[in-house]
1. Can you report the number of residues in region A:58-75 which are of a type in the set (Ser, Thr, Tyr) and surrounded by fewer than 18 Cβ atoms within 10 Å (Cβ to Cβ)?
2. Consider residue B:77 against the criteria (1) within 16 Å of the ligand (Cβ to nearest atom); (2) without any contact (Cβ under 8 Å) to a residue 24 or more places away in the chain; (3) of a type in the set (Asp, Glu): it satisfies all of them except one. Which criterion is unmet?
3. Six or more apart or on different chains, Cβ under 8 Å: which pairs go from a residue in region B:53-65 that's within 16 Å of residue A:151 (Cα to Cα) to one that's aromatic (Phe, Trp, Tyr) and assigned to a strand (DSSP E or B)? Could you list them?
4. Quick one: is residue B:123 in contact with a Cys (Cβ under 9 Å, 6 or more places away or on another chain), among the aliphatic types (A, V, I, L, M) and facing another protein chain (nearest Cβ under 9 Å)?
5. Step by step: first the residues of region A:172-208, then only those that are within 20 Å of the chain's Cα centre (by Cα) and of a type in the set (A, V, I, L, M), then the one that is nearest to residue A:146 (Cα to Cα). Which residue is that?
6. Within region B:97-116, track down each residue that is at the interface with another protein chain (Cβ under 10 Å from one of its Cβ atoms) and of a type outside the set (Ser, Thr, Tyr).
7. Could you run through region A:194-223 and say how many residues are over 19 Å from residue A:293 (Cβ atoms) and assigned to a loop (DSSP other than H, G, I, E, B)?
8. Which of the residues belonging to region A:263-315 are basic (Lys, Arg), within 22 Å of residue A:149 (Cα to Cα) and assigned to a loop (DSSP other than H, G, I, E, B)?
Amino acid sequence: MSSASQQACIVGIGQTEFSKASGRSEQQLAAEAVLLACQDAGIDPKSIDGMITYALDHSDEVDIMRSLGCEEIKYTTRLPQGGAASVSTIVHAKNAVESGICDTFLIFRAMNERSQYRFGQPHFNLSPDAHSSTFMEWCFPFGAQTPAAWEALSCGPYLHKYGITSEDLGRIAVTFRKAAASNPAAWFYEKPITLDDHQNSRWIVEPTLRLLDCCQESDGGVALIITRADKAKDLKQMPVRILGAEYSMFFNHEIISDFYAGDLIRTENSESVADRLEAVAGIAPKDTNVAMIYDNFTPQILRQLEGFKYCGIGEAKDYVKDGHLELDGKTPLSPNGGLMGEGYIHGMNNITEGVRQIRGTAANQINNAQTAFLASGVAGAIIGK
Amino acid sequence: MRPDPIQRIDTAFFWEACERGEFVAQKCEPCNKLWHPPRPMCPDCHSLEKSHAKLSGKGTVMSWVRQVRPASFGFKESPFVILVELEEGLRFVSNFESEDAPEIGMAVQVDFAKTSGGKAVPVFKKASSV
Ligand SMILES: [Zn+2]
C-alpha cells in the first residue's frame, strides 16, 4: 500500500451531454470531455503525461494530444474486454501515478454508439480473433450475434438454478429508472417505469431479456483526471482517494460470452476482486455507502451483488426485492440511474457519478457518502474521502 | 439458411471435419487432453503437437436463448441457440433444431446443418428424436 502522500486520487471529472445523436465526431466528444475534466480539476491539459482508454474506442491517443495540446505522454495502453474494462482503467491509473511514472493521468471514453453505429446490433466488423473477449467464430454461425444474446446465454444456468423470473429482473430496471427520473443529466430524466412497463416491453432475447432489461445505446464522452495526493491538495476539488482497485481474469473464461469454464453460477473473478479489495482498502464493497455496479443487462446486477459478496449465492433476487438497492436502502445502487437510466458511455459515466457522490455534489446525493464501490465484473475499486 | 463459419488457421481443422460430417475437438498428442475452443498450445503440457478426436456428439443443454431483436443475421428465422455440455466435458455453442424450445438439462445429439456457402456446422437435436 502506498503512503498517504503518494496515494492516487481522482481530481477531475468531465462529461458531455448523453444523447442519441451528438451531432459531432467521437474525437470531438473525447476532447470536450477531457477539457471539462481538466477545468474541473484546475490543471492545464498540456500537462497530461499519461492516458488510457479501452477496446472499441475510436479516438486515438494522438487525436487527444493533438486537440488538447498534451506535450508528452509517458504511459498509455488500451485495455481489452470492452465495458468490463471501465473499472480496470482505475487499476492502471492508480499504478501509473503511484509508481511515479505519471503525474497527471487521463482516462477517456467517447462514443457515438447510437448515431454513428448501433452498438447493440451484430458486429460484422469484429475480428474473428479474440478481440473484446468474444470468440465470434463460435457464436456467429449459430445466430448468437449480439451482446444481449451472449449475456443471456451465459446467465441461463444461474437464472434457471435460482428460479429467477422476468419480474425479478424487472425490479432492477425499475430501480434504475426511478433514480434516473430525478437526475437531470439522465437520458431518462423524468421518465420512470413501472414493473408492468417492463413486463410489457418486447423481447430482445427470449426467454431472458426484454427491452427494459438492456442498457441504452448512447452518444457522449466522459473523462477523469488522476494524480497523487501530494499534488491533489493544491487543486480545485476535494481529492477523491482511490482506496483500492483490483482486477481478475481466470483461465478459460471470457467476458460477456463466458461459456467455457466454471459452473456459470458463481462469478469467481468478482469474488477474487472483492477479497483483494477488502484486504487493501480495509473495507469490503458491501460496507461502502454507494454501489456503482455495471448494468449492461439486468442479470449482471444479481451476479455482481453475489460475486462482490453483498449477499450469498442465489440470494440476490431477494436482496433486490427487499428494497436494499433503493437510494435510502443499505446498498444505494447507481444514484445517477446507471447505464440503463443515465446513459451508456460503456461504464465510464458510473465512475464520474461515484466521484460526485464522494464530493457530495450528485443530483441524487446519498447522505454522508464516505466511500463508494465501483464495479465492472472483472474489476472493482473503492473510492472515498 | 445460415452464415458460413469464420475460419482461422488454428480452427480450420474443426470446420473441415464438419464438411466430412465429423464432430471433433482438438486433441493434445502428448497428453491426450481435449480442448474447445481450439488453441495453438496445450495449456496443460504446452505442447504444440496436436491432432483432433471424434466426439460422441452427445450432450445436455446448459442454457438456451433466441435472439429476437435484431433477428439473427443470415437466418430465415432466428434459431434456438444452446450451450451444450458435451459428454467429454467440453462446452459448445450451437443450435437446437426443433419447432419447440429446448429445456435446460435436455439430452441432445449432434447433427449437421448446411450454410449458405455450402459449408456445414454442427447443430443438435433432442437425443431420442435422432
Ligand atoms: Zn497437452
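The values are calculated or read from the model by the stated rules, or taken from the named source; none is laboratory data. Predicted model only: the values in this text are computed from it and were never measured. Note that we place each Cβ from the backbone using ideal geometry, even for glycine, and neighbour counts take in every protein chain shown. Note: areas computed on protein heavy atoms with side chains; ligands, DNA, RNA excluded. Shrake-Rupley method; radii C 1.70, N 1.55, O 1.52, S 1.80 Å.
1. 2
2. Going through (1) within 16 Å of the ligand (Cβ to nearest atom); (2) without any contact (Cβ under 8 Å) to a residue 24 or more places away in the chain; (3) of a type in the set (Asp, Glu) one by one, residue B:77 breaks only (1).
3. Pairs that qualify, where the first residue is within 16 Å of residue A:151 (Cα to Cα) and the partner is aromatic (Phe, Trp, Tyr) and assigned to a strand (DSSP E or B), are B:64/B:80; B:64/B:96; B:65/B:80.
4. Spelling it out, it is not the case that residue B:123 is in contact with a Cys (Cβ under 9 Å, 6 or more places away or on another chain), among the aliphatic types (A, V, I, L, M) and facing another protein chain (nearest Cβ under 9 Å).
5. A:173
6. Across region B:97-116, the qualifying residues are B:101, B:103, B:104, B:105, B:113.
7. Narrowing region A:194-223 to residues over 19 Å from residue A:293 (Cβ atoms): A:194-197, A:199-207, A:210-211, A:217, A:219-221, A:223.
If we keep only those that are assigned to a loop (DSSP other than H, G, I, E, B) as well, we get A:194, A:201-202, A:207, A:217.
Result for region A:194-223: 5.
8. Within region A:263-315, A:266 is the sole residue that qualifies.
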